[in-house]
2 protein chains.
Amino acid sequence: MVTRHHPNDTGLLTEQLLDAINNNNLLAVASLLSRLVPEEISEILEATPPAQRNALWQQIDPKFQGEILAHTNDQVRSSLLDQLEQHEILEVVGHLQTDDIVDIAQSLPETEQKTLLNALSDEDRFAVEIALTYPENTAGGMMSTDFIAVREEVTLEVVMRLLRKIGELPDSLVDLIVRDRDGRYVGTLKLNDLLTHDEDTLVSALVDRHKAAIHGMTPAKEVAHIFEKYDLIAATVVDDKNFVLGRITIDDVVDIIRDQAEHNQMASAGLDEEEDLFSPPSRAAKRRTFWLGINLLTAIFASFVIGLFDASIEKIVALAVLMPIIASMGGIAGTQTATIVIRAISTQKLSQANSKLLILKEATVGLLNGLVWAIMSFAGVFLVFQDWTLGLIFAGAMLINLIAAALAGALIPIGLHRMKIDPALAAGLMLTTVTDSLGFFVFLGLATIIIL
Amino acid sequence: MVTRHHPNDTGLLTEQLLDAINNNNLLAVASLLSRLVPEEISEILEATPPAQRNALWQQIDPKFQGEILAHTNDQVRSSLLDQLEQHEILEVVGHLQTDDIVDIAQSLPETEQKTLLNALSDEDRFAVEIALTYPENTAGGMMSTDFIAVREEVTLEVVMRLLRKIGELPDSLVDLIVRDRDGRYVGTLKLNDLLTHDEDTLVSALVDRHKAAIHGMTPAKEVAHIFEKYDLIAATVVDDKNFVLGRITIDDVVDIIRDQAEHNQMASAGLDEEEDLFSPPSRAAKRRTFWLGINLLTAIFASFVIGLFDASIEKIVALAVLMPIIASMGGIAGTQTATIVIRAISTQKLSQANSKLLILKEATVGLLNGLVWAIMSFAGVFLVFQDWTLGLIFAGAMLINLIAAALAGALIPIGLHRMKIDPALAAGLMLTTVTDSLGFFVFLGLATIIIL
């Protein structure tokens, strides 16, 4: 029973599956698929190139397709839904909870979305329609509307009867929502309390009234932060008037936490975190080319700065040889500071109170590293070029650029954040523009003044 | 009851707290602290510079200090533990679960750790000692040893009696561990099943024997992957012989997921993810200077490549002006590919089967973007310099470098991963070395052959 999951488990199965698909060995495909749970099949579909992905998808029993779709990312989900006829989509969503139906509905074009909604039971359609009115990245857009609610004036015996009638309860069900007579949120009743209290106890005696509910418009990022802070397993979502809309459980939040943490990394390369590993090259190229274009503009600016000093370079070619080193060191030092500051911002650790101190600390780090590398640089340049003036100029430019890089690495993300611009997206490019241009300017400028 | 958490809530409270600390207004400090839960106080301590952090720490009631320490990161925890006398540490850990005691023990020097262990009850000490034998980043190092286990041959009535005796059950307790007569893991019993089945049912009739346990040596990263894949709330940890060691719950896993995702970002700037926001500048500088040194070596290599063509630059200074653009575009394109490949590796989506296809796809993206920017570059250089030969050379170098960047961006992380080196750490620098050096070499080389 002990499982030692190895990272290549899925890798090996993926390979066997792809082999079977490529050889059109449908028996082997069916046998391999039967050994996998829907979550694993989702992962394999995400890791498979489009042609085989579609072939594989067609071999999957429609009664599992819904749950598989619920676990894939938006891009792969859309591409798989494209393969299904309208009536197949209806069949596929049959067994799903409303939060998963909402995810699928969000991936469909409007007309298909309408057909899907019309095919649902009145109760489900109503629930899905409410969820669809909330943006995807809010508590309302994440929530499931399949929740169990009880009234506070009933006894535990009544609650137990209700639960027995429902039968199988999901693992993640740790508490019930308690509502008042009008349907407004009161608090939660821990299921574990049902085990440890007498049947004639009133729900009102046990309800946790301090368990705050989350408003439907709360951003997903903030929902994740609340779950992490209070170690929640589930939370209730309410509207403006405190009416219960649905429930969010930790498994949805885990996805948000992963996406949010990856967002910084992906955004800094100008990428969309939903990018399908095997999106068609033309589409991937189109998405990325915008970022390359922006970068070209910043590179042209740095190049323009060099152009200002072309006369100096013509006289001393060593300047052209050495200048990229200054720019590169500034870039790295600035990125180190910016990474720390962006993380502080995204974990909500940056306030008015501590940002000045953080800038001061980072500038001090820049000064210390600037001094270290200025001395090393002087020694290096002097040894290679036997020219102490050039060494001093290089060392001076290094010192100035490392301090400037630390300041820019702290100030740019903080400034962007205050202007409500996502620092993960824009800080990197702005920072490189500063460290490159300033690095070239200081080094070539100092050389022009001192030597020429 | 509806809470709308605003990102600056904590910011505002932090500022008020710091003001109160700075003015030595202890009454205000106590009143502000009483409005916060331990998790919030941990966040504030992490976001506070050392001097005020220590002053604040001294105002916190020792009976909350343990839980606060359990939520802070390793660096801040060590710095706070340093403030406490041995007898205070013992008092502080009094109310904690063993997994939190393990975290604290791991942050203590060996002699203090021993004193701590000796002060624990026999049962707790035994549990903590077992957990300490597992490395921090494994299932054994993360687990809590406070679990509830039952034997499979008893009835639900017996289980209910046991639970009533224990009283208050934690939220995250969703199932009990079922063991055989020898204490070996059999499976789990969902607490919700206790609610929906008769009291005389045997545990053996309800135990979920398919719920796999996790081996104590499973890396934390892999534990997180298992939890995410199967939407787990809790899992049992066992040793080689299938004896139950402890439990891991989703709240521990959420921390791992966040750390793991941040690791890629921090590692690519040569930073340690545990870095304290306010670590002393000299220590921060020392940590970062190593990375700057490595970068300097790569920058010197690129500079050496330029040096090979100093005669060409002397004749055509425009080469020096234009060369950083080629290098910069290659760097961005390579980073885009590497970011996607590193994410595929860390989410275990990369296998032998699909890596060739991924490399091919990325090379195609590089070719497409290379063509787009080669054409744009030719037009740009021709307009500025009125020199179509220079334009062609620049465009050719752009095309070659963007394709090479895509190939390097895919091959370097894949190669490092196969060599069991963390690609997040080393790929960025290696990539820049390739894109810079190759960019300079191709551009200056082409110019030297064609023009001179």
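Read-outs throughout are calculated quantities, based only on the coordinates presented, and are distinct from any laboratory measurement. All values derive from a computational prediction rather than experimental measurement. Note that each Cβ is placed from the backbone with ideal geometry, even for glycine, and that neighbours are counted across all protein chains shown.
Which value, in nm² and rounded to one decimal, describes the direction-averaged projected area of the C-alpha convex hull of the stretch A:281-450?
Details: hull surface 46.4 nm².
Average projection, Cα convex hull of the stretch A:281-450: 11.6 nm².
Given just the C-alpha atoms of the stretch A:1-157, how large is their convex hull per residue in cubic angstrom?
Values: hull volume 27.4 nm³, N = 157.
Roughly 174 Å³ of hull volume per residue.
Near B:Ala28, within a Cβ-to-Cβ distance under 14 Å, what is the net charge of the other residues, with Lys and Arg +1 and Asp and Glu -1?
-1
Eigenvalues of the Cα gyration tensor times 5, then square-rooted: what semi-axes does that give for the stretch B:223-285, in whole angstrom, largest first? Don't skip to the answer; put the middle values down first.
Details: eigenvalues 206, 39, 21 Å².
Here the semi-axes work out to 32, 14, 10 Å.
Applying 1/(1 + (r/R0)^6) with R0 = 41 Å to the Cβ-Cβ distance of A:Gln16 and B:Lys286, what FRET efficiency is obtained, to the nearest 0.05?
Rounded to the nearest 0.05, the efficiency is 0.25.
Between the helical axis of A:156-166 and the dominant principal axis of chain A, each derived from Cα atoms, what acute angle in degrees is found, rounded to the nearest 10?
80 degrees
Test of understanding: express the Cα radius of gyration of chain A as a ratio to 2.2 N^0.38 Å, with N the residue count.
1.30
Taking only DSSP H segments of four or more residues, each worth -39500 (n - 2.57), what value at 222 nm results for the protein assembly as shown once the sum is divided by all its residues, to the nearest 500 deg cm²/dmol?
The helix contribution divided over the protein assembly as shown gives -22000 deg cm²/dmol.
Residues of A:38-50, mean number of Cβ from any other protein chain within 10 Å of their own Cβ, rounded to a whole number?
3
Please arrange B:Tyr185, B:Tyr230 by how many other C-beta atoms lie within 10 Å of their C-beta, fewest to most. Mind dumping the intermediate values first?
Working: B:Tyr185 25, B:Tyr230 15.
Listed from fewest to most nearby Cβ atoms, that is B:Tyr230, B:Tyr185.
Going by how many other beta carbons lie within 10 Å of each one, how would you line up B:Phe378, B:Phe394, fewest first?
Details: B:Phe378 20, B:Phe394 27.
Going from sparsest to densest Cβ surroundings: B:Phe378, B:Phe394.
Once the Cα atoms of the stretch B:354-452 are picked out, what are the Rg and Dmax in Å?
Values for the stretch B:354-452 (Cα only, Rg and Dmax): 15.6, 50 Å.
Holding the Cα-Cα limit at 19 Å, pick out from A:Lys190/A:Lys211; A:Lys190/B:Lys165; A:Lys286/B:Lys361; A:Lys211/A:Lys420; B:Lys211/B:Lys349; A:Lys221/A:Lys349 the pairs that are longer than that.
From the list (A:Lys190/A:Lys211; A:Lys190/B:Lys165; A:Lys286/B:Lys361; A:Lys211/A:Lys420; B:Lys211/B:Lys349; A:Lys221/A:Lys349), the Cα-Cα distance tops 19 Å for A:Lys211/A:Lys420; B:Lys211/B:Lys349.
For the protein assembly as shown, build the charge dipole from Cβ charges (+1 Lys, Arg; -1 Asp, Glu) around the Cα centre, then report which of B:Ala55, A:Leu429, A:Asn192 sits farthest towards its positive end.
A:Leu429
Just to be sure I understand: if I project the alpha-carbon convex hull of the protein assembly as shown onto a plane and average over all orientations, what area do I get in nm²?
40.5 nm²
Find every distance from the label point of A:Pro50 to the corresponding label point in the other copies (7 Å from Cα along Cα→Cβ) and write them in nm, one decimal, shortest first.
Here the equivalent label points are 5.6 nm apart from this one.
Once the Cα gyration tensor of the stretch A:112-241 is diagonalised, what are the square roots of 5 times its eigenvalues, in whole Å and ordered largest first, as equivalent ellipsoid semi-axes?
27, 19, 13
Longest span of chain A, sites excluded, free of trypsin sites (Lys or Arg not before Pro) in DSSP loop with at most 13 other C-beta atoms within 10 Å?
A:242-419
Mind giving me the nanometre distance, one decimal, between the label points for B:Glu110 and B:Asn137, set 7 Å out from Cα along Cα→Cβ?
In this crude spin-label approximation the distance works out to 2.3 nm.
Please report the orientation-averaged projected area of the stretch B:34-117, defined via the convex hull of its C-alpha atoms, in nm².
5.0 nm²
For each of A:Asp208, B:Asp239, count neighbouring Cβ atoms within 10 Å of the residue's Cβ, then give the residues from fewest to most.
Arranged by neighbour count, lowest to highest, A:Asp208, B:Asp239 become A:Asp208, B:Asp239.
Angle, helix A:388-418 long axis vs. longest principal axis of chain A, Cα atoms, 0 to 90°, nearest 10?
30 degrees
Over all residues in B:187-198, what is the mean tally of Cβ atoms on other chains that come within 10 Å of each residue's Cβ?
Mean shielding count: 5.
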